[in-house]
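The values are calculated or read from the model by the stated rules, or taken from the named source; none is laboratory data. Note that this is a predicted model, so its numbers are computed, not measured. Glycine gets a Cβ as well: all are built from the backbone with ideal geometry, and neighbour counts include every protein chain shown.
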Amino acid sequence: MNIANTLKIFYMAVWRNFITLTRYKMNFLFSIITSVLWALGMFLFSFAFDSSLLGRTVGTTNYVAFIIFGISFQSWQGTALWGASSMLQGELSTGQIDYTFTCPFSRYHYIVSNIAALAVQDSIFFLPMFCVGLWLASTTLTIHGLLLGLASVILSVAALVQFGVIFAALTLRYRQITAVFSFFNFIIQMLSGMFIPLQILPVPLQLIGFSIPVTFGMDLLRHYIMETITIFNLTHEWVVLLIQLVLFSLIAKLVVSYLESRAKEKGLHYI
């Protein structure tokens, strides 16, 4: 095979991949947006290494423990956002999805139960890193603080599960939404305080962070274990966590109900 033919095959392969990429318009758009946002995120991440700024902002210079408690949430983040979506994609490919959506049980509870089961399973991967964080924060750790911190984790993860239900519905509606997952993955990691204290971000980005379920869960966890300064009053943060759980649960139920009505009309393979 000569060089000209090799280059032609290479060109055709590149063009084919580009056509495939742009076929799913929403996925292509979010791929571009996410790549730009990660560049911005890396710039903001550099500020977190200023120990004096960290101390003034959140009341601790123990950045290692700070970030470990944030990263530990990733054990559930992937499950909540992708668990149900992967499950339903599998049912689509095997032809089981119509059966699932025509059985006499709540589809919302079916999706939530499966995500919750995965979350319990993935808690195994949460514990090792979480225990390292506890050891690094041993000077401020109390049993009372640990229990309150874990309670905030449970509430925030429960709200995050509702995101998973919504993403599962998006999968059934748009089929290919991996870039949308990447976009929200960035939002959760960079704007929730997982890696960077929310307080050092510009106000518009802080407002987005306040709407993310794990933001106040992580903030309360760090406060009760590390005695950090919370973003808002403790009572307000607990109230916001409860409101987020109720609100996202309602939205998730409405989205699933919409899918059910479409399924009854056309079947899920034709949505």
Residue set 51, 85; condition modelled with pLDDT under 70 and closer than 29 Å to residue 222 by Cα; output residue 51
Quick one: would you say residue 235 is within 22 Å of residue 53 (Cα to Cα) and either part of a helix (DSSP H, G or I) or not aromatic (Phe, Trp, Tyr) (or both)?
no
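What residue, of 132, 120, is in a helix (DSSP H, G or I), surrounded by fewer than 21 Cβ atoms within 10 Å (Cβ to Cβ) and at pLDDT below 80?
That would be 120, the only listed residue that is in a helix (DSSP H, G or I), surrounded by fewer than 21 Cβ atoms within 10 Å (Cβ to Cβ) and at pLDDT below 80.
Can we say residue 142 is over 28 Å from residue 206 (Cβ atoms), surrounded by fewer than 23 Cβ atoms within 10 Å (Cβ to Cβ) and at pLDDT 85 or above?
Details: over 28 Å from residue 206 (Cβ atoms): yes; surrounded by fewer than 23 Cβ atoms within 10 Å (Cβ to Cβ): yes; at pLDDT 85 or above: yes.
Yes; evaluated as a whole, the condition is true for this residue.
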Subset of segment 190-234 (residues that are surrounded by fewer than 23 Cβ atoms within 10 Å (Cβ to Cβ) and of a type in the set (D, E, K, R)):
227
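Mind telling me which of the residues 171, 178 ends up being closer than 18 Å to residue 78 by Cα, surrounded by fewer than 18 Cβ atoms within 10 Å (Cβ to Cβ) and modelled with pLDDT under 85?
On the way: 171 fails: surrounded by fewer than 18 Cβ atoms within 10 Å (Cβ to Cβ).
Just one listed residue meets the conditions, 178.
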